[in-house]
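The block underneath contains the structure these notes are about, expressed in structure tokens.
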Amino acid sequence: MADILDIGAIGDVNSPGSSGSTLNTGVLRRKYDFSDRVSELALSQDPFFRFLSMASKKPTDDPSFKFTERRGSWHKRYAYLSAYSSAGIAAPASAATVTSTPAADDVYSFKFGTDYASEGNIQNAFGQNSTQEVGDSGTQPQFFLPDQLIKIPYGNDSGFAQGTTDGYTVWRINTVDLSSSGYAIVNATCVKGSGVLIQWQAVPSVIDGTGDAAYTSQESLEPTRTYVMGSVFGKGTGYPETWKDQPFSTGYGQTQIWKTSMAMDNTDRATVLRYAGNEWARIWKEKLIEHKWDVEQSLLFGSQNSTYRTTQGAVDWILNYGNKFSLDVTTKTQDQFLDDMSAYLDPRYNNGKATAFFCSTAVYNWLHKLSGYFANNMSSVIGGQGNASPNANATNTGNIARADLAVTGRKKVLGLDTTTISTIYGDMNLVRNIHLDGTNVKMLGINMGHCSYRPLVGNGINRDTSIYVGVQTLENSGVDRRVDQILTEAGMEWQMPEAHAIWV
């Protein structure tokens with residue numbers, strides 16, 4: 001292959017009146033940037049690359065690029081109760097499970113911690129090993145201020161399930177002590193008491209999607225969280241205290257070089273063949289699709305490595321940092337899938353408006369079979385008068401059957417066949433991706449607003465699917481050989497783990 005890749009220089013041909021110009025006629029006439037045209041080839045074969053090329057392209061001028069991620073804090077002003085004191089002492093030591101009966105005007109002190117890093121507001125993702133536990137360094141809740149109102153949940157002393165709540169109390173903050181590493185000591189006066197003997201909600205020992213059985217999602221953690229619920233001031237009072245968050249975190253990526261080459265001598269190029277008359281044109285098209293296929297594989301399964309200069313693929317990134325759910329198409333129920341969607345599309349962390357769902361063929365079929373599942377296994381009953389059961393396995397139960405997941409139609413999105421599935425959490429735009437077949441990945445939920453395809457473009461050079469052409473004379477033969485090289489240099493940028501999800 002050495003003779004193929006050793007391409008000789010093409011001589012300059014100056015136009016009349018352009019004496020001294022170094023511009024090449026081929027450069028002036030050929031459109032080297034094939035990026036958009038390549039994405040038009042065989043759309044259904046490489047849907048992720050298609051979406052990225054058309055909707056999420058953000059060129060970079062450095063092969064090792066950095067980016068800044070911003071996470072808001074408006075919904076992050078929550079904490080977990082670690083200990084308390086009904087005497088309001090400076091070092092509360094009673095465990096949350098120790099009972100008490102708070103009443104209006106009682107003064108308590110509370111020890112609060114959080115489970116997300118203050119620098120960058122980086123939190124845990126569903127299904128991942130926890131990176132921030134309550135009280136860890138850098139997680140101190142700094143948003144508590146005097147004269148704020150806070151809402152603390154509780155459970156009845158007679159017994160309650162972890163991850164649930166039986167009521168809440170309201171407190172007005174008097175003072176805040178931030179001298180305890182990882183925690184805030186809050187002295188507060190009760191505004192709304194419990195009226196009964198209660199237990200406070202204890203801090204989960206492990207906060208992630210794989211630890212305590214009762215805390216398998218953000219939703220199950222909610223009943224254990226104390227939230228800021230406003231403030232209360234008297235007339236004519238002065239400026240209150242304030243706090244400042246640090247919502248920014250940084251990341252980096254790098255571009256990867258993909259090359260596909262082809263060569264043919266001019267004799268073969270000029271020969272007309274049967275079936276596909278122009279062999280050069282046939283191979284050229286195949287090579288373009290081959291190149292695009294390789295790029296799609298890398299953008300899905302690549303792992304960032306500075307030694308080999310590889311970019312970060314979607315599967316690898318989400319498996320390590322995003323929300324992770326299980327999906328067995330033989331046992332997964334619709335209700336369980338909706339629970340996954342609820343955790344993933346929680347509007348406090350991810351509004352999901354730009355989310356595209358890429359799935360394997362098996363999952364694509366499973367989601368479309370749900371309507372048949374209802375037809376074969378459910379019966380409608382109105383007012384207790386059942387219709388004839390559509391299937392021998394179905395029974396009239398006296399309830400009205402309802403589907404919360406339904407295929408509503410097909411449409412074209414950027415030229416791709418997309419199935420719209422309506423759920424109670426909004427529409428899923430579902431695209432079959434055959435690159436996921438035969439892998440452990442069933443489905444990817446990717447918020448396209450938080451990922452970018454970053455081709456290297458700078459100083460007038462575009463390496464986003466560019467075509468380099470040369471003509472080489474083979475040594476001692478005098479035969480001219482046309483050599484073309486397809487080259488792409490690009491990387492992926494990923495932001496906000498909570499905006500992406502994977503089902504495996």
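Worth pointing out:
- Annotation note: chymotrypsin sites (Phe, Trp or Tyr not before Pro) in the range 37-144 located in DSSP loop regions with a Cβ neighbour count of at most 13 within 10 Å are W74.
- Integer Hz, Karplus 6.51/-1.76/1.60 couplings in order for the range 429-445, x for Gly and Pro: 9, 9, 10, 6, 10, 5, 5, 7, 4, x, 10, 7, 8, 8, 7, 10, x
- Remark: V295, V191 ranked as V191, V295, counting other beta-carbon atoms within 10 Å and listing the fewest first.
- Computed from label points 7 Å out along Cα-Cβ, the spacing between N462 and M264 is 2.6 nm.
- Close amide-amide hydrogen proximity is noted between S82 and K111, F112, G113, each under 5 Å apart and 5 or more residues distant or on a separate chain (H modeled in the peptide plane; Pro and chain starts excluded).
- Once the Cβ-Cβ distance of Y308 and S137 is raised to the sixth power relative to R0 = 35 Å, the FRET efficiency obtained is 0.55.
- Candidate lysines for bridging to K442, where Cα separation is under 19 Å - those fewer than 8 sequence places away on the same chain excluded: K324, K332, K369
- Within the straight-line cut-off of under 26 Å between alpha carbons, the lysines reachable from K287 are K31, K57, K58, K259, sequence neighbours fewer than 8 places apart in one chain being disregarded.
- Cα centroid separation, the range 226-262 to the range 48-88: 8 Å.
- Rounded to two decimals, the Cα-based Rg/Rh of the range 75-171, with Kirkwood Rh, is 0.97.
- J(HN,Hα) series, the range 330-336, from Karplus relation 6.51 cos²θ - 1.76 cosθ + 1.60, nearest Hz, glycine and proline x: 8, 10, 5, 9, 4, 4, 5
- Using R0 = 56 Å, the C-beta based FRET efficiency linking D62 and A90 works out to 0.60.
- Loop sites in the range 283-378: trypsin sites (Lys or Arg not before Pro), DSSP, at most 15 other Cβ within 10 Å: R309, R348, K353, K369
Where a number appears in this text, it was derived from the coordinates with a stated rule and is not lab data. Since this is a predicted model, take the numbers as computed values, not measurements. We place every Cβ from the backbone using ideal geometry, glycine too, and count neighbours over all the protein chains shown.
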